[in-house]
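The values are calculated or read from the model by the stated rules, or taken from the named source; none is laboratory data. In this text, all values refer to a predicted model and were calculated from it rather than measured experimentally. When we count neighbours, we look across all protein chains shown, and the Cβ atoms used for this are built from the backbone with ideal geometry, even at glycine.
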Amino acid sequence: MTLDSPHVSIRDVAFSYGRLRALAGVNLEVRAGEVVALLGPNGAGKSTLTHVMLGLLAPQAGQVRLFGTRPQDAVARGQVGVMLQDTGLMRYVSVRELVGLVAAQYGRADRTEDILRDAGLADLGPRRIGRLSGGQRQRVKFALAIAGDPELLFLDEPTAALDVQSRHAFWQDILERAGRGRTIVFATHYIEEAEAYANRIIVLQEGRVVADGPARQIMTRVSDVTLRFSKREAREEELARLPGIVRVQGSPAEEGHWELVTADQDATLDALYGTGPSGVRGLEISRTSLEDVLLALTKETGH
Ligand SMILES: Nc1ncnc2c1ncn2[C@@H]1O[C@H](COP(=O)(O)OP(=O)(O)OP(=O)(O)O)[C@@H](O)[C@H]1O
């Protein structure tokens, strides 16, 4: 282990459940302070990858290192916090007792109230776990993940079941941790959260990494833009000849209403407007969303 070891390093990792190949040659490195979102359709391998990163599943091929050492050793040193989808919680203890117990294992019993506050549980300390709502239980799982103030946090769908306020508070806490050099890897189906809070997005599809980079970089992979406008005297053939055009659609419901998909917005608009009056009215430009890009990247298997 060296000071500048990546927090996570995965090389050529393959994992199969019997004959079902869940991860096929995954490579990635995550460094201190990164907030990484794992995206991908159901069954893409996000949870399997998370389990492999934690040392809970041993890959049949390849190597996994956390802080330059075996995942189990990093976990034993208290460097890793984790929130998995299907962990159960003791039902008959109070929120404060459970969080305090885990905090004590990290030598942080005196920080129990801070942990409860950070997880949005300040008012729920005396409540029995068995009496909590789904979103409240989710916050307890988060409290347990952060109890040791770990350098590396793995969160599997952390905001599932959280209401709007809790989500907001959760992300503020995550950003504050990242600002202190903590590393966060989370799997999610909320694309807008990945776009807003992750500085890197990794897209998995059938156990392979099909995209890896900042949201903006991933979005440039599909650079098409849609232009919508009205133009009375236009003909379809004429619009199709504009530079950059990928596709032209007229609106059958509204004559003279057009939708152009272009790969070169500037060239298309220059030609459309030309030098004189264009007759174009009500122009709307919409960029491809990250959701469109993900659908394009993961559509091959029709999930
Ligand atoms: N315990 C298991 N035994 C057998 N196959 C499994 C097991 N867990 C997962 N799989 C299979 O491995 C593949 C990857 O599953 P995984 O749970 O990692 O996907 P995921 O991306 O986390 O999906 P989701 O978005 O639905 O949580 C799927 O085809 C799944 O059916």
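Which ones in the stretch 140-186 are touching a residue at least 40 places away in the same chain (Cβ under 8 Å), outside any helix (DSSP H, G or I) and hydroxyl-bearing (Ser, Thr, Tyr)?
183
List the number of the failed condition for residue 59; all other conditions in (1) in contact (Cβ under 8 Å) with a residue 40 or more places away in the chain; (2) surrounded by fewer than 18 Cβ atoms within 10 Å (Cβ to Cβ); (3) part of a loop (DSSP other than H, G, I, E, B) hold.
Just one mismatch for residue 59, condition (2).
So which of 107, 88, 62 ends up being on the phi > 0 side of the Ramachandran plot and at pLDDT below 95?
So the residue among 107, 88, 62 that is on the phi > 0 side of the Ramachandran plot and at pLDDT below 95 is 107.
Have a look at 197, 190 and point out the one that is more than 20 Å from residue 7 (Cα to Cα) and either among the polar types (S, T, N, Q) or in contact (Cβ under 8 Å) with a residue 24 or more places away in the chain (or both). Explain how you work it out, then say what you get.
Details: 197 fails: more than 20 Å from residue 7 (Cα to Cα).
Of the residues listed, the single one that is more than 20 Å from residue 7 (Cα to Cα) and either among the polar types (S, T, N, Q) or in contact (Cβ under 8 Å) with a residue 24 or more places away in the chain (or both) is 190.
Name every residue in the stretch 63-97 that is within 16 Å of the ligand (Cβ to nearest atom) and not in a loop (DSSP other than H, G, I, E, B), in order of residue number. Reasoning before the result, please.
Narrowing the stretch 63-97 to residues within 16 Å of the ligand (Cβ to nearest atom): 64, 82-87.
Matches in the stretch 63-97: 64, 82, 83.
Scan the stretch 129-146 for residues that are under 25 Å from the mean Cα position of the chain (by Cα) and surrounded by 15 or more Cβ atoms within 10 Å (Cβ to Cβ) and report the count. Working first, answer last.
Initial filter on the stretch 129-146 (under 25 Å from the mean Cα position of the chain (by Cα)): 133-146.
From the residues that got through so far, the ones that are surrounded by 15 or more Cβ atoms within 10 Å (Cβ to Cβ) too are 135-146.
The number of residues fulfilling the criteria is 12.
Does residue 164 satisfy the criteria of being surrounded by fewer than 20 Cβ atoms within 10 Å (Cβ to Cβ), closer than 17 Å to residue 139 by Cα and not small (Gly, Ala, Ser)? Outline the logic, then answer.
Working: surrounded by fewer than 20 Cβ atoms within 10 Å (Cβ to Cβ): yes; closer than 17 Å to residue 139 by Cα: yes; not small (Gly, Ala, Ser): yes.
Yes, satisfied.
Within the stretch 24-45, how many residues turn out to be within 8 Å of the ligand (Cβ to nearest atom) and under 10 Å from residue 207 (Cβ atoms)?
4
Just for the stretch 46-56: of the residues that are assigned to a helix (DSSP H, G or I) and touching a helix residue (DSSP H, G or I) at 6+ places or on another chain (Cβ under 9 Å), which one is farthest from the ligand (Cβ to nearest atom)? I'd like the intermediate steps shown before the answer.
Just the residues of the stretch 46-56 that are assigned to a helix (DSSP H, G or I), to begin with: 46-53.
This time we only want the ones that are touching a helix residue (DSSP H, G or I) at 6+ places or on another chain (Cβ under 9 Å), so: 52-53.
On the way: 52: 9, 53: 12 Å.
Among those that are assigned to a helix (DSSP H, G or I) and touching a helix residue (DSSP H, G or I) at 6+ places or on another chain (Cβ under 9 Å), it is 53.
To keep it simple, each residue is scored yes or no on (1) assigned by TED's automatic domain parsing to the domain that holds residue 75; (2) more than 29 Å from the chain's Cα centre (by Cα); (3) surrounded by 15 or more Cβ atoms within 10 Å (Cβ to Cβ); (4) closer than 26 Å to residue 187 by Cα.
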| site | (1), (2), (3), (4) |
| --- | --- |
| 88 | yes, no, no, yes |
| 96 | yes, yes, yes, no |
| 100 | yes, yes, yes, no |
| 103 | yes, no, yes, yes |
| 108 | yes, yes, yes, no |
| 114 | yes, no, no, yes |
| 120 | yes, no, yes, yes |
| 124 | yes, no, yes, no |
| 127 | yes, yes, yes, no |
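I'd like the full set of residues that are under 16 Å from residue 289 (Cβ atoms) and assigned to a strand (DSSP E or B), limited to the stretch 193-226. Talk me through it step by step, then tell me what you get.
Let us first name the residues in the stretch 193-226 that are under 16 Å from residue 289 (Cβ atoms), namely 193-196, 198, 201, 203, 211, 214-226.
Listed by number, the residues that qualify are 201, 203, 211, 225, 226.
Identify, please: which residue in the stretch 2-20 is surrounded by 15 or more Cβ atoms within 10 Å (Cβ to Cβ) and within 11 Å of the ligand (Cβ to nearest atom) and is, among those, nearest to residue 75 (Cα to Cα)?
15
Looking only at the stretch 126-139, count how many residues are away from the ligand (no atom under 16 Å from the Cβ) and in a helix (DSSP H, G or I).
Matching residues across the stretch 126-139 total 8.
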